[in-house]
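Please read the structure below before turning to the comments.
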Amino acid sequence: MLYKRSSALFKNAENVIPGGVNSPVRAFKAVGGTPIFAKSAKGAYVYDEDDNRYIDYINSWGPMLLGHAFEPVVKAVIEKAKNGTSFGMPTEIETKIAELAVSMVPNVDKIRFVNSGTEACMSAVRLARGFTGKEKIIKFAGCYHGHSDAFLIQAGSGAVTFGSPNSPGVTKGTAKDTLLARFNDIDNVKALLEANKNEIACIIIEPVAGNMGCIPPKDDFLQKLRRLCDAHNALLIFDEVMTGFRLAKGGVQELYNVDADIICFGKVIGGGLPVGAFAARNEIMNHLAPLGNVYQAGTLSGNPLAMAAGLAMLTAIENDAALFQRLADKTEYLHKGCEAALNKHNVTHTINREGSMISIHFHEDHVVDFESAANGNNETFKTFFHGMLNEGIYIAPSAFETWFITDALTYKDLDETIKVVEKIAQTL
């Protein structure tokens, strides 16, 4: 494929935008080459500025559960925009989407809308600290909760050590209150809790990880976390920015039958517009200002266009009883097809899948945490990524990102993808 216009646009962007992008992963640093610039998208396809068509497995990093330019969402946004794009005042539609979201998600009474997943997670941790009166948090290596200071922490030297900042601008004072645990390792979490008794406000986790590739929890890991939080009077926060309304109507709580104390949302809940949210029981949410003394605010929170898009999306999900089974069936079909193609040419790999999330790791062992994900062959992934791109298949430009399946994908699209995987497998 030719990327002449995308290349020119990227050079122009580098002059006025740091790195030429407004989010680092878009720059293709992990895979090399020049990023493509999107021009339009419809259904399962995205088109770049050179008029190349791609079968899209990023789907705006998750929100496009029902496909790009989903008609009910587009119509809702257009109609709402005719009446004004922002007021800084309460609107009825905020209550409507809140009522629908709360009715779909287990174990929550109230929800507050913000403008991004980062805001949602940052606010959830502040609320947990305010509710418990404790300051330290536990997060998991490889789980991404946005770019708030408390989350940009790398592992310390041992199982019970503090983390240290992995970005300039994050203070050691902030880092000392963030403890790092290993995903799917309950004994490691126990050690952290025991070494910091009565100091842990919350444990925050992507209950199905998507930022180290797709990694599901194993061996009742989430249920065991729930019991540990109860025993140590800590709150359990599920970061469902990726998984919320994607893996089930009620997200991972419903899928794995485990209750979190605070749940963070983004992506699907906004129908593709910038939005985030966090939700919990009354006893927790009532600590938020203006009811309580935990402050959180946002001038554009509850933006009417985002609320209109989100309401249209959630309504479509609520009214489609077969949606999640269709998504799971398509993802399983893709899994089996890719696996057969890679096995045919003896390509070392393992595939993880949960619902409509899937990732191929070029690693011979099971991938269960960040360490095992990081042991994958990144050079093989680079070759695989560019091979897919050149054949019109757009996957995440990073070995540490999940693929997102959309209902707009047809089995013809999946068969085309599998054929491309087999073609590239011959070169790996």
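The values are calculated or read from the model by the stated rules, or taken from the named source; none is laboratory data. Source: prediction; values computed, not measured. Every residue, glycine among them, receives a Cβ derived from its backbone with ideal geometry; neighbour counts consider all protein chains shown. Only protein heavy atoms, including side chains, enter the accessible area calculation; ligands, DNA and RNA are left aside. Shrake-Rupley method; radii C 1.70, N 1.55, O 1.52, S 1.80 Å.
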(message) Looking at the stretch 1-58 only, could you name the residues that are open to solvent by less than 50 Å² (accessible area, probe 1.4 Å), assigned to a strand (DSSP E or B) and either basic (Lys, Arg) or over 27 Å from Gly376 (Cβ atoms) (or both)?
(response) Ala41, Gly43, Asp48
(request) Kindly check whether there is at least one residue in the stretch 106-114 that is buried (at least 19 other Cβ atoms within 10 Å of the Cβ), within 17 Å of the chain's Cα centre (by Cα) and either within 22 Å of Cys214 (Cβ to Cβ) or of a type in the set (Val, Ile, Thr) (or both). (result) yes
(message) I'm checking my understanding of the structure. Among residues of the stretch 77-97 that are free of Cβ contacts under 8 Å to residues at least 60 places away in the same chain and outside any loop (DSSP other than H, G, I, E, B), which one is surrounded by the fewest Cβ atoms within 10 Å (Cβ to Cβ)?
(response) Glu92
(request) May I ask you to list the residues in the stretch 343-374 that are touching a strand residue (DSSP E or B) at 6+ places or on another chain (Cβ under 9 Å), open to solvent by 60 Å² or more (accessible area, probe 1.4 Å) and under 21 Å from Phe140 (Cα atoms)? (result) Arg353, Asp365, His366, Phe370
(message) I'd like the residue in the stretch 288-307 that is in a helix (DSSP H, G or I) and touching an Asp or Glu at 6+ places or on another chain (Cβ under 9 Å) and, out of all such residues, is farthest from Gly210 (Cα to Cα).
(response) Pro304
(message) If Phe324 satisfies all but one of (1) part of a loop (DSSP other than H, G, I, E, B); (2) out of contact with any helix residue (DSSP H, G or I) (no Cβ under 6 Å at 6 or more places or on another chain); (3) crowded, with 20+ Cβ neighbours inside 10 Å, what's the number of the condition it fails?
(response) (1)
(message) Where the second residue is assigned to a helix (DSSP H, G or I) and open to solvent by 30 Å² or more (accessible area, probe 1.4 Å) and the first is under 21 Å from Phe384 (Cα atoms) and lies in the stretch 406-421, which pairs have Cβ atoms under 7 Å and are six or more apart or on separate chains?
(response) Leu414/Tyr333
(request) Look through Ile17, Ile36 and report the one residue that is in contact (Cβ under 8 Å) with a residue 60 or more places away in the chain and β-branched (Val, Ile, Thr). (result) Ile36
(request) Pull up the stretch 59-76, narrow it to residues that are among the aliphatic types (A, V, I, L, M) and buried (at least 21 other Cβ atoms within 10 Å of the Cβ), then point me to the one that is farthest from the chain's Cα centre (by Cα). (result) Ala76
(request) Kindly provide the set of residues from the stretch 381-428 that are of a type in the set (Ser, Thr, Tyr), surrounded by 20 or more Cβ atoms within 10 Å (Cβ to Cβ) and part of a helix (DSSP H, G or I), ordered by number. (result) Thr417
